[in-house]
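The values are calculated or read from the model by the stated rules, or taken from the named source; none is laboratory data. All values derive from a computational prediction rather than experimental measurement. All Cβ positions, glycine included, derive from the backbone under ideal geometry; neighbour counts span all protein chains shown. Keep in mind that these areas ignore ligands, DNA and RNA; they rest on the heavy atoms of the full protein, side chains included. Shrake-Rupley method; radii C 1.70, N 1.55, O 1.52, S 1.80 Å.
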Amino acid sequence: HLGITKQMPQPPIKGAESYWNYSETFIVARFPNKKIRPLSFNGTKWEYKAPPAPRPLLNLKNLLNNKDKTVLIVEGEKACDAAQKLFPTSVCTTWASGCKAINKTDWQPLKGRKIVLWPDNDQVGFDAMDRLAQLLYSIGATYVKQINPPNDVKQGWDLADASWSTKEAT
């Protein structure tokens, strides 16, 4: 062990349509047929499971490096990518593992921040964002506002479904 470090193996993401790095040891991969799989490195190997709570937010480095920017929180990684394109002056983020995992996320980096919540167009999303707003206020967020999806969109619609330009979005 003379200064030789064992390199972390590559995560098993072959065949994934996309993947998102939450941290060096936690990835969420999207495979065909909307199969979303969390991957975590346990120190020895990658496993298809989420790491123990508290889990990091997506784009955490960007959040920490831009403390003056408004934070836009959406449901899911694909919607987060779309939101970042539509709202380039904000820092967009999401949490891993869906609406039931809000309490398994480390929200502390959002203390003292101005936050906008944008749920998917469904009751599960609205309920999740209501719970999240309470949680964010409890950790010291300075401002939390929810934007509801447009009235004329289908059930389940999210920002990844938006066909707006950046100018139309703002």
Hey, if you put +1 on the Cβ of every Lys and Arg and -1 on every Asp and Glu Cβ in the chain, which of A83, V144, W46 ends up farthest toward the positive end of that dipole? W46
For region 1-78, what is Rg from Cα atoms divided by 2.2 N^0.38 Å, rounded to two decimals? 1.28
Run the helix sum for the chain: -39,500 (n - 2.57) per DSSP H stretch of 4+ residues, divided by residue count, reported at 222 nm to the nearest 500 deg cm²/dmol. -6000 deg cm²/dmol
From Cα pairs below 8 angstrom and at least 6 apart in sequence, can you work out the relative contact order of the chain, rounded to a whole percent? 17 percent
Relative contact order in percent for region 101-170 (Cα pairs under 8 Å, 6+ apart) equals 37 percent
Count the net charge of all other residues whose Cβ sits under 13 Å from the Cβ of W46, scoring Lys and Arg as +1 and Asp and Glu as -1. +2
Using the crude model of +1 on Lys and Arg Cβ and -1 on Asp and Glu Cβ, and no other charge, please compute the dipole size for the chain relative to its Cα centre, in debye to 20. 540 debye
Where the accessible area of region 18-61 is counted over protein heavy atoms with a 1.4 Å probe, how much of it, in %, is carbon and sulfur? 51 percent
Difference of contour (0.36 nm per residue) and Cα-Cα distance, Q155 to D68: 28.0 nm
How large, in Å, is the chain by the Kirkwood hydrodynamic radius built from its alpha-carbon pairs? 17.0 Å
Of all DSSP beta bridges located in the chain, what percent are antiparallel, nearest 5? 50 percent
